[in-house]
There are 2 protein chains.
Amino acid sequence: MRSSWKRRLLKKVYEGAGKPRVRLALSGGPEVLTVGEPGAGTILIRDWRTLAGLALNPDIAFGESYIDRRIEVEGNLVDVLTAVSNASLARARKHKRWSAVSSAWLTLMQRNTREGSRRNVHHHYDIGNEFYQLWLDERLLYTCAYFPDPSVTLEEAQSAKMDHVCRKLRLQPGERVIEAGCGWGALAIHMARHYGVKVKAFNISREQIAYARWRAHQEQVSHLLEFIQDDYRNIHGSCDVFVSVGMLEHVGKSHHAEFSQVIARTIGNAGRGLLHFIGRNYPAPLNAWIRKRIFPGGYPPAMREVMQIFEPADLAVLDIENLRQHYALTLEHWLERFENAVPTVASMFDDRFVRIWRLYLAGSAAAFRAGSLQLYQVVFAGRKCEAIPWTRAYLYDSSREAEWIRATS
Amino acid sequence: MRSSWKRRLLKKVYEGAGKPRVRLALSGGPEVLTVGEPGAGTILIRDWRTLAGLALNPDIAFGESYIDRRIEVEGNLVDVLTAVSNASLARARKHKRWSAVSSAWLTLMQRNTREGSRRNVHHHYDIGNEFYQLWLDERLLYTCAYFPDPSVTLEEAQSAKMDHVCRKLRLQPGERVIEAGCGWGALAIHMARHYGVKVKAFNISREQIAYARWRAHQEQVSHLLEFIQDDYRNIHGSCDVFVSVGMLEHVGKSHHAEFSQVIARTIGNAGRGLLHFIGRNYPAPLNAWIRKRIFPGGYPPAMREVMQIFEPADLAVLDIENLRQHYALTLEHWLERFENAVPTVASMFDDRFVRIWRLYLAGSAAAFRAGSLQLYQVVFAGRKCEAIPWTRAYLYDSSREAEWIRATS
């Protein structure tokens, strides 16, 4: 009898997940119960309490149980999670009661006020540069790379991403650039070094700013760069170009109006800019487990919500590119490097930490593969901007590219 | 004394227009009164009643007075109207009471219900193919062209536009395409002829559909084409690719949800598509005079409003390109051809008709130059679409382009 309700619950969880192309297996009893076919792999649930947790609040319970080894995954983790994401998207936007409650609670607790942003950013970015050095590229770019061809290395793809951004912005030597959310400073340094611009770069992460200053000094471009440890809301001064790569997800939709004002007052109506961010096809909260464990306060906006930034400032959208596939591949590179560094990571932190980060990296790769997350680059300009290109051909013309770099380096 | 209040009113109208870089002159009295400097040219107002009309309801009064020769423009008409547009945008979104009332009235009268759409489209597109043949390109494309270089001819630019659209869609021989709002059929015929696809093309304009069928027969591609005289809401069947060039402006924002359903039910979640339309940086009604005289029911949507089409159907935005400068140039080509055909147009219609169309073409060129209108191409795809390119380089690679055309023609 007992195994009969367990079997029913297992089936319910499987159906609730939209019948993904994986096998769900429940152990812990006299026999292993299963449902589904092992398409992409098997999700092994250790006991019925874990199964009950999945039934009540799948988003949080899956991650938490995975950390505790009460859930194990057999087969390629990214493939299995992609199958789960695909199935969940096919069910599309059915209301999940328990998830919604915990999700709303997290949203409240992790508001991106000035104080909240500082705390949220500290949570993720100040856990030690040494950790990120284990699995990011050598210049520590922690945003989607751009692979002109899928076969190039991560280092080449991150370099290509920076050039793609700089070319989209048509940077000219001597121009003034403001960067909001500069990470470890790689893009600011690249812009100064290869395009001859002056950059004021803002970030509230103490450790990242310290590293960026050291790096700029090493690369002898300190005279062109100012790294400022401050909130984006305190950005001051004026500039020709505003750029922000991978920060909008941390701004939160209720702060888009403030972000709009910052852009408008820095570039005026003659400037231009680029936002690079994780977005969505329609408004939905970020996965609750990712917010709990990885990105407190994170929110990938839908394009409609992003327009709240451009509309009030009368900024024209010039170009939007979706690089979703590039982020899936970037994450696969990171995951591979991370797996190679697991012994070191485990010795720096612990096994639970390893499992949190493995699930986060693999789950994010799966979300970009399945299309529940998108990666957007948006180029925009004020009404009086005179640097608007006639076509986008120059972005892809390798002969002009060579000229461009000669002229500006 | 009388000239003193006229002078004050003239100054008030000039300031109300945001002090454009033109001269405003009022004749009809013992002396010609002027305000402003003749930067781009002079706007000559024939009498004080016309001036009073401009003070009360500038959008409608300017156009109506221009038709009646109660307003004349000295200098290049596009330049003068661009100066007026620039000044008006700098004042940005101040409430204009009288304009708002007449604007709301027009919106109500020109609703894009099925019957309304038929009437609105008939108003503009069924005034005789002969008229449009006088000033459009030889294949009668009445939408923004794409100039790989500003110096190419209008014919070349319209051809390049069609190829730009087809390449963005990555059309493959044998694929099924649905086109909503096909004009005189040029794109449908081009897709069938050069890319080997089967097209079902919809349009509610009787004259355009008749012409398109004749043209397809002439070009011997009738077997690949079906031209259907029907409303977009009645589009049926399924397809690989959905395309609509220059129709969304006639749909109206209150019908975006219906348009979304049409796209979703034809392409499912594996298809892809492109919308090409006139848009705005922020929501605002189309100029009231243009709606009254030229495009009843016309509404160029803001990008935020356009997202109402993609969001409910879980369609991912892949690529957005702003071709505003290309539409300004297209309109300048049309205006030049129109001016050369004025004697013929006047003999087919009358002098008032000539002035209406001159003002419409010049005013539209000015709006795209000043940036009060934008031209967007949006590429989108369902979650399971497999034809998503890795980068956009293939759009600009002329060696691959040659291969592409060889392979498909």
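The values are calculated or read from the model by the stated rules, or taken from the named source; none is laboratory data. Bear in mind the structure is a predicted one, so any value in this text is a computation, not a measurement. Note that we place each Cβ from the backbone using ideal geometry, even for glycine, and neighbour counts take in every protein chain shown.
Just give me the residues in the stretch A:357-373 being under 17 Å from A:Tyr299 (Cα atoms) and within 14 Å of chain B (Cβ to nearest Cβ), in sequence order.
The answer is A:Ala367, A:Phe368, A:Gly371, A:Ser372, A:Leu373.
When the residues of the stretch A:112-159 are narrowed to those that are free of Cβ contacts under 8 Å to residues at least 24 places away in the same chain, away from every other protein chain (no Cβ under 14 Å) and more than 18 Å from A:Val245 (Cβ to Cβ), which ends up surrounded by the fewest Cβ atoms within 10 Å (Cβ to Cβ)?
A:Glu115
In this structure, is B:Ala210 in contact (Cβ under 8 Å) with a residue 12 or more places away in the chain and of a type in the set (Gly, Ala, Ser)?
no
Could you check the stretch A:131-150 and list, in sequence order, the residues that are assigned to a helix (DSSP H, G or I) and either over 18 Å from A:Arg213 (Cα atoms) or not assigned by TED's automatic domain parsing to the domain that holds A:Glu332 (or both)?
A:Phe131
Does A:Trp334 meet the test of being modelled with pLDDT under 95, among the aromatic types (Phe, Trp, Tyr) and at negative phi? If you could, list the steps in order and put the result at the bottom.
Values: modelled with pLDDT under 95: no; among the aromatic types (Phe, Trp, Tyr): yes; at negative phi: yes.
When the stated conditions are applied, A:Trp334 does not pass them.
With respect to B:Ala328, is the statement that it is touching a helix residue (DSSP H, G or I) at 6+ places or on another chain (Cβ under 8 Å) and more than 11 Å from chain A (Cβ to nearest Cβ) true?
yes
Count, please, the residues in the stretch A:37-51 that happen to be modelled with pLDDT of 95 or more and in contact with a helix residue (DSSP H, G or I) (Cβ under 7 Å, 6 or more places away or on another chain).
5
Yes/no per residue for (1) hydrophobic (A, V, I, L, M, F, W, C); (2) free of Cβ contacts under 8 Å to residues at least 40 places away in the same chain:
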site: A:Arg170; (1), (2): no, no
site: A:Glu175; (1), (2): no, no
site: A:Lys198; (1), (2): no, yes
site: A:Ser222; (1), (2): no, yes
site: A:Met247; (1), (2): yes, no
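Would you check which residues across the stretch B:151-176 are of a type in the set (Ser, Thr, Tyr) and not in a helix (DSSP H, G or I) and list them?
Taking the stretch B:151-176 first, the residues of a type in the set (Ser, Thr, Tyr) are B:151, B:153, B:159.
B:Ser151, B:Thr153, listed by residue number.
Could you pull out the residue among A:Pro312, A:Pro343, A:Pro283, A:Pro296 that is away from chain B (no Cβ under 14 Å) and either among the small types (Gly, Ala, Ser) or in contact (Cβ under 8 Å) with a residue 24 or more places away in the chain (or both)? Can you show your working first?
Numbers: A:Pro312 fails: away from chain B (no Cβ under 14 Å); A:Pro343 fails: either among the small types (Gly, Ala, Ser) or in contact (Cβ under 8 Å) with a residue 24 or more places away in the chain (or both); A:Pro283 fails: away from chain B (no Cβ under 14 Å).
None of the other options fit; the residue is A:Pro296.
For the stretch A:356-391, which positions are closer than 17 Å to B:Cys385 by Cβ and of a type in the set (D, E, K, R)?
Correct list: A:Arg369 only.
Yes or no: the stretch A:197-214 includes at least one residue that is in the same structural domain as A:Asp163 (by TED's automatic domain parsing), of a type in the set (Phe, Trp, Tyr) and closer than 23 Å to A:Asn112 by Cα.
Looking for residues that are in the same structural domain as A:Asp163 (by TED's automatic domain parsing), of a type in the set (Phe, Trp, Tyr) and closer than 23 Å to A:Asn112 by Cα, one finds at least one in the stretch A:197-214, hence yes.
If I ask for residues that are assigned to a loop (DSSP other than H, G, I, E, B), at pLDDT 75 or above and not small (Gly, Ala, Ser), which ones from the stretch B:75-130 would you list?
B:Asn76, B:Arg111, B:Asn112, B:Thr113, B:Ile127
Which condition number does B:Asp397 fail, the rest of (1) modelled with pLDDT under 95; (2) within 14 Å of chain A (Cβ to nearest Cβ); (3) farther than 25 Å from B:Glu156 by Cα being met?
(3)
Sort out which residues of the stretch A:225-270 are crowded, with 21+ Cβ neighbours inside 10 Å and of a type in the set (Gly, Ala, Ser), and write them in order of number.
Answer for the stretch A:225-270, where residues must be crowded, with 21+ Cβ neighbours inside 10 Å and of a type in the set (Gly, Ala, Ser): A:Ser244, A:Gly252.
The rows are residues; the columns are (1) more than 20 Å from A:Tyr132 (Cβ to Cβ); (2) under 16 Å from the mean Cα position of the chain (by Cα); (3) surrounded by 20 or more Cβ atoms within 10 Å (Cβ to Cβ).
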{"position": "A:Ile278", "(1), (2), (3)": "no, yes, yes"}
{"position": "A:Tyr282", "(1), (2), (3)": "yes, no, no"}
{"position": "A:Pro285", "(1), (2), (3)": "yes, yes, no"}
{"position": "A:Pro301", "(1), (2), (3)": "yes, yes, yes"}
{"position": "A:Phe310", "(1), (2), (3)": "yes, no, yes"}
{"position": "A:Val317", "(1), (2), (3)": "yes, no, yes"}
{"position": "A:Glu332", "(1), (2), (3)": "no, yes, no"}
{"position": "A:Phe338", "(1), (2), (3)": "no, no, yes"}
